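Engineer: Dropping the structure in here first, questions after.
The values are calculated or read from the model by the stated rules, or taken from the named source; none is laboratory data. The structure presented is a predicted model; accordingly, all values stated were derived computationally and were not measured. Cβ placement follows ideal geometry from the backbone for every residue including glycine, while neighbour counts extend to all protein chains displayed.
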There are 2 protein chains.
Amino acid sequence: MENKKIPYRHFLEEKDLPKQWYNLRADMKELPDPMLNPGTGEAMKEEDLYPIFCKELAHQEMDDKTRYVDIPEEIQEVYKQFRPSPLVRAYALEKALGTPAKIYYKFEGNNTSGSHKLNSAIPQAYYAKKEGLTSLTTETGAGQWGTALSEACEYFGLPLTVYMVKCSYEQKPFRRTIMKTFDANIIPSPSNTTEAGRKILAADPNCTGSLGTAISEAVEKAVTTEGCKYVLGSVLNQVLLHQSVIGLEAYKSMEILGEYPDIVIGCAGGGSNLGGLIAPFMGDKLTGKKPNTKFIAVEPASCPSLTRGKYAYDFCDTGKITPLAKMYTLGSGFIPSADHAGGLRYHGMSPILSKLYHDGYIDAVAVKQTKVFEAAKLFAQYETILPAPESSHAIRVAIDEALKCKETGEAKTILFGLSGTGFFDMVAYESYLNGTMKDYVPSDEELQKSFDTLPKVPGIQD
Amino acid sequence: MENKKIPYRHFLEEKDLPKQWYNLRADMKELPDPMLNPGTGEAMKEEDLYPIFCKELAHQEMDDKTRYVDIPEEIQEVYKQFRPSPLVRAYALEKALGTPAKIYYKFEGNNTSGSHKLNSAIPQAYYAKKEGLTSLTTETGAGQWGTALSEACEYFGLPLTVYMVKCSYEQKPFRRTIMKTFDANIIPSPSNTTEAGRKILAADPNCTGSLGTAISEAVEKAVTTEGCKYVLGSVLNQVLLHQSVIGLEAYKSMEILGEYPDIVIGCAGGGSNLGGLIAPFMGDKLTGKKPNTKFIAVEPASCPSLTRGKYAYDFCDTGKITPLAKMYTLGSGFIPSADHAGGLRYHGMSPILSKLYHDGYIDAVAVKQTKVFEAAKLFAQYETILPAPESSHAIRVAIDEALKCKETGEAKTILFGLSGTGFFDMVAYESYLNGTMKDYVPSDEELQKSFDTLPKVPGIQD
């Protein structure tokens, strides 16, 4: 093999790590529509979020002006324990594919949470502690976010209650154990510990839960508990802000290596990983510095919010107690089939990414899970990393794009986000390997039924 | 927190990665006693190993003269996909302990195998393929080695059969799945696929297996199959040679950082991780360059080969078909209690490490597993890594040494090997967290019964 200039894995030095997060909204020509109060239909103000979020995070949620937000020293210190993540040149995969394309991926799975989720868990726990809160609540689906936040809360000494989607709670006992290792209190959702949970169980006692139901419970628990707030691992503007460290590191590494991506690919559930990865590259596109970069959001065919959803105001939760957000949504009542493995099961999509997609800055592709696991297995074989099912959505499309390059002979530079490790997803791998994995795709009728639950907002959405 | 000169995590640049393995035997004043043919009592020659090992590996096994062994270019290329591993300064743990000690660890868990085992799996698969072999066999206990070798064999296109210790096979279905992802054939051992397995089952149909039984089966399968050889993930001289990359990288990183360890600590089962980590530092001690470095091997109290074993010739397997090795051993029939979680369950210890221990160059400590998991939990809380139970043996003693420094006020530099991730050990974590974990310690009578199985070697060991 020839001696290559570009290393297999690039790690930034500590001095080059981001000291500020990048707020993509500051460079958007048109901003996402504001969150609305579901009762009055009025735009939410920062203060209106104080009952749910701590003040600094409410501020970050609403602040669409500040381009760069300082990362507090204390957070930088914790980041340094697991960052930088490596930017990897996939030489072995390229060779296996026989593609002239250059494939890079940013791997976020090398910390206990096994994913990028720790990037936002750390600041959310930090600000809560700093503001004197005495406990937090959250929800988790596949368990990556719950693990990350359990870890962050233990680090800063904050008790945490996690509402875990019931089917994941039952299918992933090891995720429960790892959260227990960090002393978190784990409750399967829907549960009878909240009004929202009791209502959902009354309507369907066998409900296996969804992120939407778990969010309802976690929010209710937060607003009814003294000194307690709710935190969320995706969808929100503040989360995309924190996750910009992924993109900022990748950007800096590529700069040092003399590279720039032609295509940036990420899996998209609520949008935390994709939004973080693309941030600085999308900034270059929005400001005209690099107008031709292509961005691809990859979502599961079983939960296709961008490719088959409606761009509309919707609740962020199934219990309909959160503010309304304008986003691509399948309806807050949508619950993906139990055949769907792994995360990426949220009914909506980050309002920032939704707006960018709506305005044509991002492409979206929906892929079936057996094709996703086929890509995951190939990747594992050559790249010495067993990828998470979520991340493997991005691998699938990166491989497809690299194979297109093989046909056309173009040596495009592809960057994708490898958001996590698959160590906790062996049940899904087993079903793929033994041939029992199913490819579920919701019917138009099923989606229409779900769209019918979209809220009416007088004068805005009738 | 003050701004520190030494980074949290140090990664070598590709140019600084080892291009040669270091063969510690070349610097030992007294060499380990030779392997013996169990039938004749005669010292084994390189050719005598050809039926079991491929030629290059047989050569590496016997070669005690060549100080530095070139790492083939093809192996360096694969190493670069997951190496360097980070050398981490445990600032957060130091602070939590309130110790003046400086704690460093070398983390090997950031590849699919989840451990250091891939360092030797790659060369073993490479040499076998190069020599034209058409399949391999091996054994695995906790599954780290089996995963690593499955990965390496898939990479080089070699079919692999793994004999997996039966209790691990049953307790760790996810380890099976990950090996299946790499297309390995997994057989629970003892099995009826070999003469050795059938004998063991005839004597005890409920035998839950041990590394010794699995080795017997894998070796038999290899010697009775055309084009097939056996490979082993620990104990052997060749394995310690390959694993020297751990120590060589740590050494180079510390050199760049202007540091040198006063104490080097590693967990010890068969010795692959410990032997690899200490190699260059022990070289400095043996050659008088750094005579005062302290080395500590940490073993489970449930399988205490160094601290309670005999230094004697013994079989490497339970079926008594391998050559005899002079090592600290509990007797090849010793099977640790099922209460013992995780790896480090081999009855013997690397002949190189056994000799060094016997000659006073290494200290050894046996620790109980609840104390090990206590250390693991504390470590996870502060260092954003969930450690493997095996590696946590080293953490336990590193913490104990750091606490001694707190008492004495000495700012010693401690380096320990964090050989793997605990993602596949959640059953053990769960038993620790829910209080059902037991501390098993074999009785003197039990050990004596096992010692009675040591082989007689006329004129050498009567």
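Engineer: Starting from residues that are β-branched (Val, Ile, Thr) and not in a loop (DSSP other than H, G, I, E, B), keep the ones in the stretch A:109-143 and report whichever is farthest from A:Lys172 (Cα to Cα).
Structural biologist: Applying the filter and picking the extreme gives A:Ile122.
Engineer: Among the residues of the stretch A:168-185, which ones are surrounded by fewer than 20 Cβ atoms within 10 Å (Cβ to Cβ) and either more than 11 Å from chain B (Cβ to nearest Cβ) or assigned to a strand (DSSP E or B) (or both)?
Structural biologist: Scanning the stretch A:168-185 gives A:Glu170, A:Gln171, A:Asn185.
Engineer: Restricting to the stretch A:391-408, and then to whatever is of a type in the set (Lys, Arg) and in contact with a helix residue (DSSP H, G or I) (Cβ under 9 Å, 6 or more places away or on another chain), can you tell me which residue is surrounded by the most Cβ atoms within 10 Å (Cβ to Cβ)?
Structural biologist: A:Arg396
Engineer: So B:Arg198 ticks every box in (1) modelled with pLDDT under 95; (2) part of a helix (DSSP H, G or I) but one. Which box is left unticked?
Structural biologist: Evaluating B:Arg198 over (1) modelled with pLDDT under 95; (2) part of a helix (DSSP H, G or I) leaves (1) as the failure.
Engineer: Considering the stretch A:7-30 alone, what residues qualify as being within 22 Å of A:Val245 (Cα to Cα) and in a loop (DSSP other than H, G, I, E, B)?
Structural biologist: Listed by number, the residues that qualify are A:Pro7, A:Tyr8, A:Phe11, A:Leu12, A:Glu13, A:Leu17, A:Pro18, A:Lys19, A:Asn23, A:Met28.
Engineer: Quick check: is even one residue across the stretch A:31-42 in contact with a strand residue (DSSP E or B) (Cβ under 9 Å, 6 or more places away or on another chain), part of a strand (DSSP E or B) and without any contact (Cβ under 8 Å) to a residue 60 or more places away in the chain?
Structural biologist: No: the stretch A:31-42 contains no residue that is in contact with a strand residue (DSSP E or B) (Cβ under 9 Å, 6 or more places away or on another chain), part of a strand (DSSP E or B) and without any contact (Cβ under 8 Å) to a residue 60 or more places away in the chain.
Engineer: Then there is this: Kindly list the number of the only condition in (1) over 25 Å from B:Thr329 (Cα atoms); (2) in contact with a helix residue (DSSP H, G or I) (Cβ under 6 Å, 6 or more places away or on another chain); (3) assigned to a strand (DSSP E or B); (4) more than 14 Å from chain A (Cβ to nearest Cβ) that fails for B:Pro188.
Structural biologist: Unmet for B:Pro188, out of (1) over 25 Å from B:Thr329 (Cα atoms); (2) in contact with a helix residue (DSSP H, G or I) (Cβ under 6 Å, 6 or more places away or on another chain); (3) assigned to a strand (DSSP E or B); (4) more than 14 Å from chain A (Cβ to nearest Cβ): (1).
Engineer: So, A:Met164, is that one part of a strand (DSSP E or B), of a type outside the set (Asp, Glu) and either on the phi < 0 side of the Ramachandran plot or under 23 Å from the mean Cα position of the chain (by Cα) (or both) or not?
Structural biologist: It is true that A:Met164 is part of a strand (DSSP E or B), of a type outside the set (Asp, Glu) and either on the phi < 0 side of the Ramachandran plot or under 23 Å from the mean Cα position of the chain (by Cα) (or both).
Engineer: Moving on. What number of residues in the stretch B:118-155 are surrounded by fewer than 24 Cβ atoms within 10 Å (Cβ to Cβ) and away from chain A (no Cβ under 11 Å)?
Structural biologist: 8
This table checks each residue for (1) within 14 Å of chain A (Cβ to nearest Cβ); (2) surrounded by fewer than 24 Cβ atoms within 10 Å (Cβ to Cβ).
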position	(1), (2)
B:Lys377	yes, yes
B:Pro389	yes, no
B:Glu410	no, yes
B:Val441	no, yes
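Engineer: Hey, any hits in the stretch B:283-296 for a residue that's crowded, with 24+ Cβ neighbours inside 10 Å and assigned by TED's automatic domain parsing to the domain that holds B:Gly417?
Structural biologist: no
Engineer: Mind listing whichever residues of the stretch A:250-287 are small (Gly, Ala, Ser) and in a strand (DSSP E or B)?
Structural biologist: The answer is A:Gly266, and nothing else.
Engineer: Then there is this: Considering only the stretch B:1-60, state which residues are away from chain A (no Cβ under 14 Å), surrounded by fewer than 18 Cβ atoms within 10 Å (Cβ to Cβ) and hydrophobic (A, V, I, L, M, F, W, C).
Structural biologist: Hits for the stretch B:1-60 are B:Ala26, B:Leu31, B:Ala43.
Engineer: Now for a separate question. Considering every residue within the stretch B:331-340, establish whether at least one is of a type in the set (D, E, K, R) and modelled with pLDDT under 95.
Structural biologist: yes
Engineer: Out of the residues in the stretch B:76-108 that are in a helix (DSSP H, G or I) and more than 24 Å from A:Tyr8 (Cβ to Cβ), state the one that is farthest from the other protein chains (Cβ to nearest Cβ).
Structural biologist: If we take residues in the stretch B:76-108 being in a helix (DSSP H, G or I) and more than 24 Å from A:Tyr8 (Cβ to Cβ), then B:Leu97 is farthest from the other protein chains (Cβ to nearest Cβ).
Engineer: To continue, here is another question. Being under 18 Å from A:Glu139 (Cα atoms) and basic (Lys, Arg) is the filter here, so list the residues in the stretch A:317-350 that pass it.
Structural biologist: Once the filter is applied, which keeps residues that are under 18 Å from A:Glu139 (Cα atoms) and basic (Lys, Arg), the stretch A:317-350 yields A:Lys320, A:Arg345.
Here's the yes/no breakdown for (1) in contact with a helix residue (DSSP H, G or I) (Cβ under 7 Å, 6 or more places away or on another chain); (2) modelled with pLDDT of 95 or more; (3) in the same structural domain as B:Leu12 (by TED's automatic domain parsing):
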{"site": "B:Cys207", "(1), (2), (3)": "yes, no, no"}
{"site": "B:Ile215", "(1), (2), (3)": "no, no, no"}
{"site": "B:Lys252", "(1), (2), (3)": "yes, yes, yes"}
{"site": "B:Tyr260", "(1), (2), (3)": "yes, yes, yes"}
{"site": "B:Ile263", "(1), (2), (3)": "yes, yes, yes"}
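Engineer: Is it the case that some residue within the stretch B:418-427 is touching a Lys or Arg at 6+ places or on another chain (Cβ under 7 Å), of a type outside the set (Lys, Arg), assigned to a strand (DSSP E or B) and within 14 Å of chain A (Cβ to nearest Cβ)?
Structural biologist: Yes; the residues of the stretch B:418-427 include at least one that is touching a Lys or Arg at 6+ places or on another chain (Cβ under 7 Å), of a type outside the set (Lys, Arg), assigned to a strand (DSSP E or B) and within 14 Å of chain A (Cβ to nearest Cβ).
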